[in-house]
Every structure is written in C-alpha cells, then in structure tokens.
Amino acid sequence: MWDLGEAYESYVGRWSRPVAVEFLRFLDVPPGRTWLDVGCGTGALTETVLAHAEPASVTGVDPSSGFLELARQRVPGASFEVGDATDLGAREADVVISGLVLSFVPDASRAAAEFARVGKCVGSYVWDYTNGMQMMRLFWDAAIDVDPAAASHDEGPKFARVCLPGPLRSLWTDAGLRDVEVAGLVVPTVFRDFDDYWTPFLGRTGAAPAYLATLPDEQRDAVRDLLRSRLPAHGPIELTARAWAVRGSR
Ligand SMILES: C[S@@+](CC[C@H](N)C(=O)[O-])C[C@H]1O[C@@H](n2cnc3c(N)ncnc32)[C@H](O)[C@@H]1O
C-alpha cells in the first residue's frame, strides 16, 4: 500500500505539509532538541521540523524503503532509517513524533508505549477519517453507494479506534504520559478542478486508491461520475481536512 512515494505525494502527501506546520505550533517545542519522526514516509513532517523547530537533529523512521528513498532525496538535512513504531530499539530522542501513522499500526497501544519509552515529549496526529477529512469522506460515501462492500474498507469506522479525541487521549494516558492535551487541526484542501481531486485516487497508493484499483472499470467510472455530480462543476473544489493531535510528556 505504501511503496509508491510519488503517488502518495499527489494523493494525500501534499496535504501532510500544512497539517505538519499546525502540529508543530501545537507541540511548541523549544530549539535545540533531538527529534525522532516515526512513520516519516516521504518526509513531510521531518522537513517541517527542520524548517520550523530549529532542531539539534532529526531522524526519520519508516518500514517502507520506497518512501525512505524519496525522503532521503527530498530532505537532505535529516537521517532516515528503516524501523517500526512498535519496536524502536535503542533509539532515544527529546521529542518523538508521528504524523498520520497510528491508524495504520495494528497495535497502536504498543506504539504509544514505545514513543513514551524513547521520548521525553511525545506527540502525534491522525486524520479524522470519520468525518473531518473531507476528500476521503466524500470518496468513501460515493464508493459505498456504488459498491456496498466498500463499507468494509471505509477508513472512518476502521480507524475510529484511534482517529478521535477520546481514543487518542486514552492511548497517551495509558502509555503513562502526563499533561496530555488533544486538539483539532484543520487545514484547507483546495483542488484546482475535478481532475486534480480525482486523478490521485487512480495511483493505487493509500487505502482508498488501493481499494479503487480492485474495482472493474465500470464501477470505478461510476464512483468517479457520482463524485463529479456531488462536487462543484466549475472552479476550484474547496474542502477542508481535520486531524486530531495529541501531546504529552514523560
Ligand atoms: C499516511 S503516511 C504518513 C507519512 C508522513 N508521516 C506524513 O506525514 O506524510 C503513513 C506512514 O506510516 C508508515 N507506517 C505504517 N505502518 C507503520 C509502522 N508499524 N511503524 C512505523 N511506520 C508505519 C507508512 O509506511 C507510511 O509512511
């Protein structure tokens, strides 16, 4: 699901950057700290740390070597290593962060415990797939109308165990973190036109594009046409995306 870095960039990676900026504002970490970005992907959050947080160093960790290859090209000021959120080994950092990752880690409690073991300040954020991430909500609603079986792939109910304020807060407090705070981060996601919205769904990378690739041509076209009928026919398509963020300290 995660190997094609360029496809991920045009699908949802392009919205990772503005939300990363909001997250760092929420985290409010002083300069000179060491950072570990877990599930760094193509480096959107890593490069935002370099640009906005004056870090002593930043290391990105991700299981996908395809993503790390692109991250190394795009973010030369950081180091990148293959690794998994649920086993961070001997790593240490002042600040452990993970952006848009916890939904995809089957044992999110174990990941939170690892973050709390390795970092002093620990923060994370996840898209609100249930409602606030509009580009995906619109997609799944249309997909389910065309193919009711799409409901079992819908990221809303699937990720509700982590992508809402209550579950996020519990993950952090259960990991023994203190001064836990949760906040909603909302960013605009503006598409030039319908093609700009739709074409990245054909890239096979990410849950919705991976699901779409399994459909026969006529069902895929039906999802496209339904979405087209529900979105503005002219001018830009102005949506918003909400992520829920959590922070705490050891
Ligand atoms: C939605 S992307 C987010 C990437 C990046 N943090 C960003 O903000 O754009 C999710 C990332 O989580 C990574 N991931 C999935 N399972 C993971 C795990 N068990 N441990 C660490 N990262 C994981 C994927 O490889 C992918 O890079």
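The values are calculated or read from the model by the stated rules, or taken from the named source; none is laboratory data. Just so we're clear, the structure is a prediction, and the values are computed from it rather than from any experiment. Neighbour counts run over all protein chains shown; Cβ positions are idealised from the backbone, glycine included.
Key figures for this structure:
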| quantity | calculated |
| --- | --- |
| Counted residues, region 3-14 - those being touching a Gly at 6+ places or on another chain (Cβ under 7 Å) and either over 24 Å from LEU239 (Cα atoms) or more than 11 Å from the ligand (Cβ to nearest atom) (or both) | 4 |
| Residue within region 128-141 that is among the basic types (Lys, Arg) and either surrounded by 17 or more Cβ atoms within 10 Å (Cβ to Cβ) or at pLDDT below 95 (or both) present | yes |
| Any strands (runs of 3 or more DSSP E) falling wholly within region 60-163 and containing at least 3 residues that are over 27 Å from GLU6 (Cβ atoms) and more than 14 Å from the ligand (Cβ to nearest atom) | 93-99, 119-127 |
| Filtered residue count, region 46-59, keeping only those that are among the aliphatic types (A, V, I, L, M) and either assigned to a strand (DSSP E or B) or free of Cβ contacts under 8 Å to residues at least 24 places away in the same chain (or both) | 2 |
| Qualifying residue in region 177-195 (condition: in a helix (DSSP H, G or I) and either touching a Gly at 6+ places or on another chain (Cβ under 7 Å) or away from the ligand (no atom under 16 Å from the Cβ) (or both)) | yes |
| Hits in region 23-45 (condition: more than 12 Å from the ligand (Cβ to nearest atom), part of a helix (DSSP H, G or I) and touching a residue at least 60 places away in the same chain (Cβ under 8 Å)) | PHE26, LEU27 |
| Condition check for ARG17: within 9 Å of the ligand (Cβ to nearest atom) and among the basic types (Lys, Arg) | yes |
| Residue pairs meeting the criteria (Cβ under 6 Å; at least 6 apart or on separate chains; first closer than 15 Å to VAL19 by Cα, in region 117-146; second among the β-branched types (Val, Ile, Thr)) | GLY123/ILE97; SER124/VAL246; VAL126/VAL162; GLN134/THR240; MET135/THR189 |
| Residue in region 80-127 that is surrounded by the fewest Cβ atoms within 10 Å (Cβ to Cβ), counting only those that are aliphatic (A, V, I, L, M) and within 16 Å of ARG33 (Cβ to Cβ) | VAL118 |
| Within region 18-62, considering residues that are surrounded by fewer than 18 Cβ atoms within 10 Å (Cβ to Cβ) and charged (D, E, K, R), the one nearest to TRP127 (Cα to Cα) | ARG25 |
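Every residue, every condition in (1) in contact with a strand residue (DSSP E or B) (Cβ under 8 Å, 6 or more places away or on another chain); (2) among the aromatic types (Phe, Trp, Tyr); (3) modelled with pLDDT of 95 or more; (4) surrounded by fewer than 17 Cβ atoms within 10 Å (Cβ to Cβ), yes or no:
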| position | (1), (2), (3), (4) |
| --- | --- |
| VAL186 | yes, no, yes, yes |
| PHE194 | yes, yes, yes, yes |
| GLY206 | no, no, no, no |
| TRP244 | yes, yes, yes, no |
| ARG250 | yes, no, no, yes |
